Amino acid sequence: MNHRARALAATLETGADALASFASQLTDAEWQTPLPRDGRKIGVVVHHVASIYPLEIELAQKLAAGGAVTDVSWDDVHALNAGHARDNDKVTPAEALALLRTNATAAAAAIRAMSDSALDLVAPNSLYGGAPLTCQFMLEDHAVRHSFHHLARIRTAVERSRKARAGSGREASLA
């Protein structure tokens, strides 16, 4: 049985659903808000999570098949993310959320297809200095965690923005 694979897939779906739910309630101005220390707009980051699921799953499947990740560096990841941000600067909520749902569903199905023994396979991973890591770790640290990671940063940025607007509104009404 693939109990762990099913649990990982369910966690990925939970994260994608939470991101979609939060993002679907953003105003147009919030959708366009750049994330602090990141610079990408919130909408671009939502689309990024959606668009990167296939690559994250491909790398995990390589490990699940007994292969090693030898040709991906963090410089590659940063270049990919920068190119994505440029190419998707005008992404709409409808486009990003549809892609998020589609790709999260496909990613979860791919994870469910993995055996628990495949999750245990260990191979060198160039994203971690060639350290031997399991397929499960790769999934947990990338596809499964991705939406949770960005949702936390998006929530923080939106909450700060809302507090700042509320504070400036109070100051204006007191003047």
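Points to keep in mind about this one:
Listed here are the residues, each with its yes/no results for (1) part of a helix (DSSP H, G or I); (2) under 26 Å from A157 (Cβ atoms).
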residue: T14; (1), (2): yes, yes
residue: D17; (1), (2): yes, yes
residue: L26; (1), (2): no, yes
residue: V46; (1), (2): yes, yes
residue: L59; (1), (2): yes, no
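- When G129 is tested against (1) in contact (Cβ under 8 Å) with a residue 12 or more places away in the chain; (2) more than 23 Å from D38 (Cβ to Cβ), exactly one condition is not met: (1).
- Positions within the stretch 65-89 being under 17 Å from H142 (Cβ atoms) and either of a type in the set (K, R) or surrounded by 15 or more Cβ atoms within 10 Å (Cβ to Cβ) (or both), in sequence order: A68, V69, V72, L80, N81, H84
- When the stretch 39-64 is limited to residues that are farther than 16 Å from A96 by Cα and crowded, with 17+ Cβ neighbours inside 10 Å, the one that is nearest to the chain's Cα centre (by Cα) turns out to be E56.
- Those residues of the stretch 39-86 which are of a type in the set (D, E) and free of Cβ contacts under 8 Å to residues at least 60 places away in the same chain, in sequence order: E58, D71, D75, D76
- Here the helices (runs of 4 or more DSSP H) wholly within the stretch 82-169 that include at least 2 residues being under 18 Å from A16 (Cβ atoms) and of a type in the set (S, T, Y) are 93-112.
- Inter-residue pairs, beta-carbon under 6 Å, first over 16 Å from A50 (Cα atoms) and in the stretch 146-160, second part of a helix (DSSP H, G or I), 6+ apart: V158/E30
- Within the stretch 1-33, if we keep just the residues that are charged (D, E, K, R) and under 18 Å from the mean Cα position of the chain (by Cα), the residue that is surrounded by the most Cβ atoms within 10 Å (Cβ to Cβ) turns out to be E13.
- Taken over the stretch 93-118, the criterion of being loosely packed, with under 13 Cβ neighbours inside 10 Å and either farther than 30 Å from N2 by Cα or touching a His at 6+ places or on another chain (Cβ under 8 Å) (or both) is satisfied by A94 alone.
Where a number appears in this text, it was derived from the coordinates with a stated rule and is not lab data. Here the structure is a predicted model, which means the values were calculated and not measured. Glycine gets a Cβ as well: all are built from the backbone with ideal geometry, and neighbour counts include every protein chain shown.
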